[in-house]
Each structure stands twice: as structure tokens, then as C-alpha cells.
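Notes to accompany the following structure.
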Amino acid sequence: MTVETLTSYDQALTRYEPVLGMETHVELGTASKMFCGCPTTFGAPPNTQVCPVCLGLPGSLPVANAMAIESTIRIGLALNCSIASWCRFARKNYFYPDMPKNYQISQYDEPLCSDGYLDVEVGGETIRIEIERVHLEEDTGKSTHMGGAGRIQGADYSLVDYNRAGIPLVEIVTKPITGTGALVPEVARAYATELREVMRSLGVSDVRMEEGSMRCDVNLSLMPRGSSTWGTRTETKNVNSLRSVERAVRSEVERQAGVLDAGGRIVQETRHFHEETGTTTPGRSKEEAQDYRYFPEPDLLPIAPDPAWIEELRATLPELPSTRRRRLQAEWSLSDLDMAAMHNIGAIPLVEQTVAAGAPAADARKWWMGELARRANESGVALSDLAITPGQVARVGALVAEGALNDKLARQVIEGVLAGEGDPDAVVAARGLKIVSDEGALSAIVDQVIAENADAAEKVRNGKVAAAGALVGAVMKASRGQADAGRARALILEKLGAS
Amino acid sequence: MSAITRDEVAHLARLSRLALTEDELDHFAAQLGVILESVARVSEVAADDIPPSSHALPLTNVFRPDERQPSLTPDQALAGAPAPEENRFRVPRILEEE
Amino acid sequence: MTLIHKSAAELAALIASGEVSAVEVSRAHLDRIAEVDEQVGAFLHVAEDAALAQARAVDARRAAGEELGPLAGVPIAHKDVFATTDMPTTCGSKILEGWRPPYDATVTRRLREAGLVILGKTNMDEFAMGSSTENSAFGPSRNPWDLSRVPGGSSGGSSAAVAAFEAPLSTGTDTGGSIRQPAAVTGLVGMKPTYGGSSRYGVVAFASSLDTPGPFARNVLDAALLHAVFSGHDPRDSTSIDAPVPPVVEAARQASVEGLRVGVVNEFSGEGYQPGVLARFHEACALLEEFGAKVVEVSCPSFRYAMPAYYLIAPSECSSNLARFDAMRFGLRVGDDGTRSAEEVMALTRAAGFGPEVKRRIMIGTYALSSGYYDAYYGQAQKVRTLITRDFTAAFEQVDVLISPTTPTTAFPIGERADDPMAMYLADLCTIPANLAGNAAISVPCGLADEDGMPVGLQIMAPVLGDDRCYRVGAALEAAYRDRWGGSLLEKAPAF
């Protein structure tokens, strides 16, 4: 391997304009496979979800899954695509051990959906990503490489499990994305994030990148600034998280700029992203261009969706994430920046559910974006993975609103819920966290504090109201934080004749 | 259209995963040349405005409901395998990544 | 008459009435196989035990008073292209030697459900590519009329078995003529149903858009009975037609051409046609007129391009269909010494496991689909396909059926065309158009060629889902010939 000199990201962007393309594969969450009745459950024991069809045994024939077709059309509609009035499956021919028939049933020049777009927000700005096509194909099996440290290079042999073979796979391909400049990694990530949310809202896939049910390939090339000729692109695969999408783009910008700066040429190739290093390495170098010999799949008939059915699917699409965000932003009266901040850490659905559970929007937002975001960040988990439900957050808010808790106590309640101590009310009871609102008890504490802090009390009597702070603090301390600080202050001033 | 060269036959053999001998390459080059010359006659007819037919009959929209059917057992699935191992298909080392 | 010389319908009636048992019928045919198949070479695998078990089951059902289907207990020879769980399925190829599928083809299943007794699997050109069975990896089958000649192909084992009285019925698949041509050259009835009329599920694919399973029999009614048993919609085959099977049995019994308009395809005559074949064909035309049909000449100009189109489309599809034979999941594996890569093992296995004709077609197909050649070859061939369909549509506006010789010559001697692919391809000249357009077409015997005494077949082509017309005309001709010949053509076959 040649040692490549990297050019720093900022420098690279001064000389080159990146051109990005995204190819995303999404495994549909259908009950059965694309062309046979085998289950699609993730993680089943090897070769327990296979039949003559998905094993590609001689004589077997595919029959297309109606739900997969419907889901693909719904994805196309959600991405503002035109739906083909007539299209065919095609065979993509190449030999590979994890592909049972040695051709993949896919779509070639007749995709089910084409020419759409998806708006994404980066830094409070909306960027329209043009979608070239959305098509349907089948997944391949999975090889485990034995020997050679489990990598394909140097392995002695491989073991193939065809459980995954034939799971319906939707491929979503963007048109080249230009003009994003230094924002290109964020744009790539924002696109993948938004696409994932669209899939979720449609309910067509569980889109788990770590399980491979959503997989991103990143195409990138650099164009010297001032030029209008696009550079040679690379295709980076194996990008298995949203964060990796961003890192892979950044790394590839730096690498390509390094090669170009050193007077080298970019080789059109497939590259692999490595989580650990955040860099890409070359995969197969294509000596001769692959000739897939596509031709219309004779075992399957053309698809000609009834326009009335398409309209029905369009009319029954769920509210899409961007529309929902706009609606919520208006409902919650938030600025673009606040909304973007919430969006970035995935707080919007949580806040929405907290509001649905009865909390005022401002409260819900305050808790999720404040205390809870801080705790998620500290423990390095996603906000949605915290062990607290929107309903519980709403209850904490309600207790504060009732005056039963103050903010400090509320934080302790949250801590208890996160620690698995039960519902907010249970935590309050178990930890004995309740504001002392009993006037008599508070009055007694105040009297005691005044007696113990004669100097401060004297100052207050003499009109130095600021000195009351120390007394309030002492009251809070004596009450183990459970006193209502405002009420305590009022009482102190009253008793010292300074009100 | 001209007959096919030996190199082209070698390329086709590679594409179709056929390890042909030198003799076979020569033999097939001659035969394929004759066949291709004969079938090239299709270009004499069929003007631009003729739509191609990929299927015998003009049917559309044949789908199956998204329902599960019983799968094979791993034993059945691997019964004909040249090299089963741990309920999986053992295959020789794979050179290229796809 | 011995049991083996009886028709399927007769056997079924005897079994149903209890005059003979299904076991006796199967035994008689198994004995015949034991006696002659060493010479004929029709079978790749004889399943004596399974056959007798199935026959016993039919007898038991009858004894229990169950109503049996119209062919229950009748033995059948099954082309080795159909998946069978209890017998090997090799397609005449070394690459599949000994392979036992974990599932039954739909046709296999329907034969079993109808109580037919599968005697074994018949020889064929490797992966159904050929017109002589000489491309079988396991040696050729022979024509019972003259053992030095081919029985046609690719379903040559099936034609030989029925012509040699080893079975009253057999199955075949017809991609470019692989049922009709072997039927013609062995004096049998062979039917290619409308594409999609019979299920391809479990038929090892040669060319998916053309392959059509169909029956062989020694008479038209038997063929119709078998056709009715295994045809009809199959949800496992997307290209299967979801419509009732045309009334083929009724048509075979109707046997009338009165008032029928019959078109003679102009293009299938002249140079390259054996005089004896043309003589029998013209006789048949005259006979049809005599029985009240109106015979007219019809031109189908695109049929001239059917053969080149076919020899692009079929190889293109086969190059992809046969890619799965790669030594990874089933079948032969060659050269896996622990150091070679999967890619090398694939290429070595395929080189060792496929015969020359299969290799030729895979490479032709690979070429025709390659970027840069696709439009000129595969793309053009698909346009020709459209033109041929249009020719049929226009012709069927004028006539009810089209007729032609089934094949330009009678059975040729073994070895004559073995290494001359183009000469071999000519055998399918007249049968290919019906495959490209998906039409129904049948071959029925129409006598012997004077110069060699070998059988000649007449092809009757009907529109899509007009299968019943093929049987109606075929049965009418059969009846006319029976009067003329004083029996069936096969009674003239020399004993051996």
C-alpha cells in the first residue's frame, strides 16, 4: 500500500469543491422475503430461513412480494418521486459465492421510482437533495471468513449463510450533490439521518445501521475550484453509522485532496471505511470495468401500478418528519436554531411525546434539552436511549408545576428514575423529596436559622436585604433542599421586618 | 459484424467462469464465429419503432401476499452441498470483495 | 394386445375397473424397460421401487373405493429436467450428477397427486440444449424406429421411451421444439402448451421466457389427458396464466375440422426440406380439405428471422440461468484443493461439468448481453420476437390454426450433426416461432418419408390459450390416418 499524504480538511476546501453522491440500501421489514415465503428475522441460526428459491436451487422461481412493491412505492412517494407506470425487474449478472443465483434480481433502467428530492437542514439552512432513483432488489447471503484473522484477505476459506439472501432491499440513489463546500460531511450525515427518519415514519424498515438494515455508500469526488469538470469518484462502503457517514466523507476529502495536491490521480475504485481509524482503504481495483449484462428478468412479469392505487398510497402517507418539524416548531413557537438543536440530538419526538403526556412544550423542551441532554452526553448514549420515558418526564414537570418539587429536587427525581428506582412519584416517596410547604414547619426552621445567624439577621433588620441570601441558604440547608426558597425568603424578610 | 476473435472468446470464458483449454479456445472461436454471423441476421429486420418483447405474453402485476411459508431445515438445505460445515456452505477463499 | 401396447386411456380404464392392477401395469412396463432400454437408452434413472410403491398406493385407493383420476395408475416416464425428491435430477449434465432436489416440481407433484406412476427419469440433451440427445453427458438415446438414428431432442429420452413402449406417456419441455421435434421423428404426439399454461416451477431452467412443459403420448387423447392433469395455474410461477386450462380433452374427443380455416405457413417449405417430409405434409393438407377444412396459404415473413432471434434469446437467458451451477451450494465441485480461490474452483468445475454445446450457448449469450453488443444482438432479437407475435396475430385473423412440417427432415443418424451446431439448429426451424410468441403447438404423426421410412410430423399451431384447437385438428387427422393405415403409425415401427 502506498503511503498517502493527507491534506488538512480546511486546506482541501480552499482548493477543491466536493461532489457528493449517496447510495443507501434499506432492508424492508416485510414478514417474508422478496421472492419467497422465508422469514426475514435478523440473527436466526445459519441457513434456517432458506428454501429452494432463496438458495437459488435449479428449477426454483421467484414470485414478487406485494408488500415490498407497496413499501417501495410509498418510499418513492415520501421522497417526492414519480412512480413508473410500467417497469421491470432486471438481472444483474456477476459471480459471487454469497449470491445464490450468481445474478441479483434488481432494477436497471426502469426503476419503480425516480426523480424526487429530500430536503435536509444543515446549520439552520434547508438543502434540497435530489433523488435520482428508488428501486427494489434482493439482498445477498453473508460470508464468514475463516483463517486470516477473519478478514477476506488472507482467509483460508469462507462459510456462507443464506438467511439474508433474498430479503427485499430498496436502493435510494441521489443525484450528485454539489455546492455544499465545507459542509459536505454534515450534509451527508443530515441526509442519512433524514432518510432514516422518513423510513421510520413510513414504518417500512427498522433502519438499524448497526444490524445492516440500513447501509450507506458514499460517492465522492473533488473538483478543483474554478473548474467545471468533475473529478474521478470513489465509492466508500461499509459505513455503518451516521457518525461514520460524516467521518468517511471528511476522510475521503482529505485523502483525495492529498493525492491531487501531490500531482496524483484519483483511481475509480471501491473503498472501505474503518470505524477504528476513521479512514478508508481501497477494495477491489477494477482492472476491467464490470459488465453486469443486465437484461429484463424473464421469470418475473412487469409491474404496472394502478394510478388509483398510487393515489391511495399517496393519500395515506403518514406526516413526514420535515412537515412534522415545521408544524411542531409553529406549535411550540421555537426559533429555527432551537428547533435545529433539538433535531440534531433527536429530541423532537421525545419532546412531542412529553407534550402529548400533558407537559407544556417549554417545560418538555427544557428538561430534554437541559438536564436529560447533559446526562445522555455524560454517559455517551443517545437521548432516546435514556431509561426515562416521556410520560415520566411529563410527571416530573407536573410535580414542579404543582409546587411539590423545585428544580433541584426534580433533578434528583430524574436521577432516581434513571437509576431504576421507579416512577417519579415512587422516587419522591422513597427518597423523601418533597418541598416543605407546611407554613408551620418552615416558620420553625426560619426562626431557628435567625437565632443561629444573629449577625446576618441584624444586617437584614438594618435594611441590608442582600444579606437575606445567606439566611435563605441556611434554611435550604436545614431543610435538606426541600423548602420552597421563595417562600422561605419572604418569611425571613417578614420576620425581620424588612419586607 | 465480423467473426469473433480468440481473445474475445477468452474474455467471454472469463466472464462466464469457464476454464477453457487453449484447444477449446481455438475450436470455440471458429464455431462461435459461424453462429454469431448467422444470428446477426436479426439486424436486417426490426426497425427502430418496433418495441422489444422480453416476455412471451404481455401479462403484468403478478405478486404474492407477504406471507411466510415453511423454510427447508438446514439439513435439507445443505443435503446437496459439496462441503457443508457448521450448518453453512463451505466455499473456497474468496479473492475479490463485492 | 399386451399391456405395454395399450393407450394410457385404456390402461386407466382397466385399472379403474379392476381388470388389471396398477402394479401389473407398472411391472409390465418395468419389464419392458429391462428388456429394451439397454438398446434404446431412454432412461437415466429407473425408479422401480418407487414406481411399484406408487402403483400399490393407487391399487389401495381403488380397493378402498376412492374415485381415481383419469390417469391413475398409468405409468409415465419423466424428463430429467423436472425436480423430483425421490430420484436424481441431472438434466443430462455431469455438473448435476447425483443431485437430489429437496423439492418436487409442480408438474411432478401434480403427476403424483393424479396417481400417475413415475417409472424413472429420461435422458435429454444437457440442460435441454440440443435436438438429438447427443449432448447428454450420459450418452445418447436412440430412435426405436432405427437405433442408428437420434430420437430427436432435447426430450429425446421421453420420445424414445414412449415410442419403444417403455411407457405410454412421458413428459417433456419445449423451449424451441424440444417436445414437438422428438415427437415428430419418433412417430408420437407431442404438445407444447401455451407458454404459462403449464408450470415451470421445478423445471431446471434453460430459457425462462420460452420453456414450456408438455406431454408425449402415442395418441392425441392420451396427450390431452396428460396435458389436463399437469397444466393450469401455479402461484409459484409468476409467468403461469391464471385462467382455466383450455378444454383439451373435449377437443381431442371432438376430432373435427369441419369448417375450420387452416393456414399453411408459406415460409416453411422449399430448400432444406426433405422431399419425403414435404410429400407427407402436402398429403395432410389434402386430407384436411377432404374432411371439410378450408386450407389457405398464409405468409408470416418474420418467421425467417425466428431462428437467429431464438439463438440469441435462448443463449442469453441460459447464460444467466446456468450461472448458479458454480460448485458452491450443490452439484459437482472440481479443483478445490484448499489453495485455489472460489473463482478458480467455479471456472474449473464449470469447464469440467458442462459439455461443449452448453459452453457455446453460455458464451454466445454472454456475448449477446455484453455492453456494446446488447442492442445489436439481444435487443434486436427481442424486436424480432415482437414481429413474430404480430405475424401470428395477423395470421390468426384469417385462419383458426397454422400448419407446417414439424421439422424439415426425419431423424438423422447419430453423429451426423454432432459437431456442427448450425446443422443441428436447423431441426428447430419450424417449431421456434411458437416458442417466441408463446402460442400453443402440437406435432402429430402424418406418415413415413418414402426415402428412409422414418416418421414425419405435422405441426399445428394455435393462438395463445387455443390449445384445444391443436388437439381438435390433431385428433381429426389421427382418425383419418387410422382409417387409412388401419391402425396407429407406431404399429408400423420395426420390432427390435
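The values are calculated or read from the model by the stated rules, or taken from the named source; none is laboratory data. Note that the coordinates shown come from a computational prediction; the quantities given were computed from them, not determined experimentally. Positions of Cβ are backbone-derived with ideal geometry, glycine not excepted, and every protein chain shown enters the neighbour counts.
Listing for the model above:
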| item | result |
| --- | --- |
| Residue list for segment C:399-425, filter: among the hydrophobic types (A, V, I, L, M, F, W, C) and surrounded by fewer than 17 Cβ atoms within 10 Å (Cβ to Cβ) | C:M422, C:A423 |
| Top-ranked residue of segment C:93-114 - restricted to ones that are touching a residue at least 60 places away in the same chain (Cβ under 8 Å) and among the small types (G, A, S), ranked as farthest from the other protein chains (Cβ to nearest Cβ) | C:A114 |
| Qualifying residues in segment C:422-453 (those that are part of a strand (DSSP E or B) and touching a Gly at 6+ places or on another chain (Cβ under 7 Å)) - the one nearest to C:V245 (Cα to Cα) | C:A440 |
| Residues of segment C:92-108 classified as part of a helix (DSSP H, G or I) and crowded, with 21+ Cβ neighbours inside 10 Å, total | 5 |
| Residue list for segment A:116-157, filter: within 14 Å of chain B (Cβ to nearest Cβ) and of a type in the set (A, V, I, L, M, F, W, C) | A:L136, A:M146, A:A149, A:I152, A:A155 |
| Conditions (1) touching a residue at least 12 places away in the same chain (Cβ under 8 Å); (2) within 14 Å of chain B (Cβ to nearest Cβ): number failed by A:R189 | (2) |
| Some residue of segment C:356-367 being small (G, A, S), out of contact with any helix residue (DSSP H, G or I) (no Cβ under 9 Å at 6 or more places or on another chain) and more than 7 Å from every other protein chain (Cβ to nearest Cβ) | no |
| Qualifying residue in segment C:406-427 (condition: touching a Ser or Thr at 6+ places or on another chain (Cβ under 8 Å), closer than 30 Å to B:A19 by Cβ, at pLDDT 95 or above and not aromatic (F, W, Y)) | yes |
| Qualifying residue in segment A:32-45 (condition: hydroxyl-bearing (S, T, Y), more than 18 Å from A:V253 (Cβ to Cβ) and in contact with an Asp or Glu (Cβ under 7 Å, 6 or more places away or on another chain)) | yes |
| Odd one out for A:A155 among (1) in a loop (DSSP other than H, G, I, E, B); (2) in contact (Cβ under 8 Å) with a residue 40 or more places away in the chain | (2) |
| Positions within segment A:405-421 being over 28 Å from the mean Cα position of the chain (by Cα) and not charged (D, E, K, R), in sequence order | A:L405, A:N406, A:L409, A:A410, A:Q412, A:V413 |
| Filter result (within 8 Å of another protein chain (Cβ to nearest Cβ) and under 19 Å from C:L369 (Cβ atoms)) within segment B:32-47 | B:L32, B:I35, B:L36, B:S38, B:V39, B:A40, B:R41, B:V42, B:S43, B:A46 |
| Candidates B:R64, B:R93, filtered to the one that is buried (at least 16 other Cβ atoms within 10 Å of the Cβ), under 30 Å from C:G98 (Cα atoms) and either at pLDDT below 95 or touching a helix residue (DSSP H, G or I) at 6+ places or on another chain (Cβ under 7 Å) (or both) | B:R93 |
| Tally, over segment C:208-240, of residues that are closer than 19 Å to C:S443 by Cα, without any contact (Cβ under 8 Å) to a residue 60 or more places away in the chain and facing another protein chain (nearest Cβ under 8 Å) | 0 |
| Those strands (runs of 3 or more DSSP E) lying entirely in segment A:18-122 with at least 3 residues closer than 28 Å to B:L78 by Cα | A:90-93, A:103-106 |
| Evaluation of A:M199 against (1) more than 14 Å from the chain's Cα centre (by Cα); (2) assigned to a helix (DSSP H, G or I) (one fails), failing number | (1) |
| In segment C:250-261, residue farthest from C:L225 (Cα to Cα) [restricted to those that are crowded, with 19+ Cβ neighbours inside 10 Å and within 24 Å of the chain's Cα centre (by Cα)] | C:A255 |
| Some residue of segment C:368-377 being buried (at least 24 other Cβ atoms within 10 Å of the Cβ) and either within 9 Å of chain B (Cβ to nearest Cβ) or under 20 Å from B:A19 (Cβ atoms) (or both) | yes |
| Long-range neighbours under 7 Å by Cβ, at least six apart or interchain, first residue outside the structural domain of A:K477 (by TED's automatic domain parsing) and closer than 18 Å to A:S379 by Cα within segment A:403-425, second of a type in the set (G, A, S) and assigned to a loop (DSSP other than H, G, I, E, B) | A:L418/A:A387; A:G420/A:A387 |
| Residues of segment C:332-353 satisfying the condition of being more than 7 Å from chain B (Cβ to nearest Cβ) and not in a helix (DSSP H, G or I) | C:L332, C:V334, C:G335, C:D337, C:G338, C:T339 |
| Selection from segment A:195-204 of residues that are surrounded by fewer than 19 Cβ atoms within 10 Å (Cβ to Cβ) and farther than 11 Å from A:V26 by Cβ | A:S201, A:G203 |
| Failed condition for A:Y94, given (1) within 32 Å of the chain's Cα centre (by Cα); (2) surrounded by fewer than 21 Cβ atoms within 10 Å (Cβ to Cβ); (3) within 23 Å of A:V160 (Cβ to Cβ); (4) within 11 Å of another protein chain (Cβ to nearest Cβ) | (1) |
| Residue check, A:A165 of a type in the set (A, V, I, L, M, F, W, C) and part of a loop (DSSP other than H, G, I, E, B) | yes |
| Residue in segment B:75-95 that is among the β-branched types (V, I, T), within 7 Å of another protein chain (Cβ to nearest Cβ) and assigned to a loop (DSSP other than H, G, I, E, B) present | yes |
| Selected residue (only one of A:A394, A:A340, A:A330 is in contact with a strand residue (DSSP E or B) (Cβ under 8 Å, 6 or more places away or on another chain) and not assigned by TED's automatic domain parsing to the domain that holds A:A485) | A:A340 |
| The one condition in (1) within 7 Å of another protein chain (Cβ to nearest Cβ); (2) surrounded by 15 or more Cβ atoms within 10 Å (Cβ to Cβ) that B:E24 fails to fulfil | (1) |
| Count of segment A:83-119 residues which are touching a helix residue (DSSP H, G or I) at 6+ places or on another chain (Cβ under 7 Å) and not small (G, A, S) | 13 |
| Segment C:51-79 - residue that is among the aliphatic types (A, V, I, L, M) and in contact with a Leu (Cβ under 9 Å, 6 or more places away or on another chain) and, of those, surrounded by the fewest Cβ atoms within 10 Å (Cβ to Cβ) | C:L52 |
| Unique residue being touching a residue at least 24 places away in the same chain (Cβ under 8 Å), assigned by TED's automatic domain parsing to the domain that holds A:V26 and either aliphatic (A, V, I, L, M) or out of contact with any Lys or Arg (no Cβ under 7 Å at 6 or more places or on another chain) (or both) when the list is A:G148, A:G116, A:G141, A:G166 | A:G116 |
